[in-house]
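Read through the structure below, which is laid out as structure tokens, and then see the notes.
The values are calculated or read from the model by the stated rules, or taken from the named source; none is laboratory data. Treat the numbers as computed from the prediction; the structure is a model and nothing was measured. Using ideal geometry, Cβ is built from the backbone for each residue, glycine included, and neighbour counts are taken over all protein chains shown. Heavy atoms of the whole protein, side chains included, go into the accessibility calculation; ligands, DNA and RNA do not. Shrake-Rupley method; radii C 1.70, N 1.55, O 1.52, S 1.80 Å.
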Amino acid sequence: MRTDADRRNRAQFLALLAGGAAIRLALMVSRREPFTGYPDARTFVMAADRSLFWNPYRPAGYPLLLRAIRRVDSRLTVTVATQHALGVGTAVALHRAVSPFLSRPGLALLPLGVVLFGGSQIALEHSLLSESPYTFALAGAFYLGSRAANSDRGSWPWLTGMGAALGASATLRSVGVFTVFPFAVWASGIPPRSRHGRLLAGAAVGLGAAAPVA
């Protein structure tokens, strides 16, 4: 049964969500084309249009995403709308990730609001850059890790999914590779685990991350 505090937190959550979505919609109405002044945007578009691996300094994940969206609808507004949706999804994932660990649920609204109303966040979502899907993948990893830590029926699927999200982030930005090890170490420390269980937990994260990278 929901208390008054639960109803208030839910109302605040929905209000922030609606406000963040409204800002993004207003930006799309006022400026239909994405911001393309960033040098990286050109290399991503060229990779999506030509060979995904033509630039050895750019991972292929974001050009592949651009290519997939273009096959559904070639209009850039659809690409931008997708990235704004990923931004909203990032905010929700972070909110859900931290909520189980807070004694005051209202504090979970802080990461939600930071992502929904962050000026840099919104501008990057409106650009042909990999930040939006990358942060979504990282937020997804935090959410799946949260579910693993609070799972009563076995955490292995959540840990493998967390690793897959981290692997996906590495295909978007190379620095994502370096997040796998600390997440695997954290996963091995989720109690209660035997020594064998800790090794398996870390391996589940590593194998999950290897799949999208491979």
Over region 1-116, what per residue volume does the convex hull of the Cα atoms give, in whole Å³? 137
Per the C-alpha gyration tensor (a ≥ b ≥ c, the square roots of its eigenvalues), region 64-158 is rounded if a/c is under 1.5, else prolate if a/b beats b/c, else oblate; here it's oblate
What relative contact order, as a whole-number percentage, does the chain give when Cα pairs under 8 Å and 6 or more residues apart are counted? 19
Using amide H atoms built in the peptide plane, which far-off residues or other-chain residues are under 5 Å from F35 H to H? S127, L128
Suppose only helical runs count, i.e. DSSP H with n ≥ 4. What mean residue ellipticity at 222 nm does that imply for the chain under -39500 (n - 2.57) per run, divided by all residues and rounded to the nearest 500 deg cm²/dmol? -23500 deg cm²/dmol
When all Cα-Cα pair distances of region 111-214 are considered, the percent exceeding 19 Å is 44
Can you give the accessible area per residue of the chain, in Å², using a 1.4 Å probe? 55
For the chain, set up a Gaussian network in which alpha carbons nearer than 10 Å are linked by springs, and say which option among L199, L128, L102 fluctuates the most. L102
Taking W158, W186 and ranking on accessible area (1.4 Å, protein atoms only), highest first, one gets W186, W158
Per GNM of the chain with C-alpha springs under 10 angstrom, the most fluctuating residue out of A91, A168, A184 is A184
Hey, got the dipole for the chain? About the Cα centre, +1 on K and R Cβ, -1 on D and E Cβ, debye to the nearest 20? 260
Over region 57-156, what is the relative contact order in whole percent, taking alpha-carbon pairs under 8 Å and six or more residues apart? 33
Binned at 5 Å starting from 0, the alpha-carbon pair-distance distribution of region 39-93 in whole percents comes out as 4, 20, 25, 22, 17, 9, 2
Give me the net charge for the shell around P133: Cβ to Cβ below 11 angstrom, other residues only, Lys and Arg +1, Asp and Glu -1. -1
Solvent-accessible ranking of F181, F13, F35, F117, largest area first, probe 1.4 Å: F181, F117, F35, F13
Give the carbon-plus-sulfur fraction of the accessible surface of the chain in %, rounded to a whole number; probe 1.4 Å, heavy atoms of protein chains only. 64
Where does each of R58, R70, R42 land when they are ordered by accessible area, with a 1.4 Å probe and the largest first? R42, R70, R58
Over the alpha-carbon set of the chain, work out the extent along each principal axis and list the three values in angstrom, largest first. 50, 46, 25
Pop out the ³J(HN,Hα) list for region 131-142 in order, Karplus 6.51 cos²θ - 1.76 cosθ + 1.60 with θ = phi - 60°, rounded to Hz; leave Gly and Pro as x. 4, 4, x, 5, 5, 5, 5, 5, 4, x, 5, 5
With Cα springs under 10 Å, the Gaussian network model of the chain assigns the largest mean-square fluctuation among A26, A148, A41 to A26
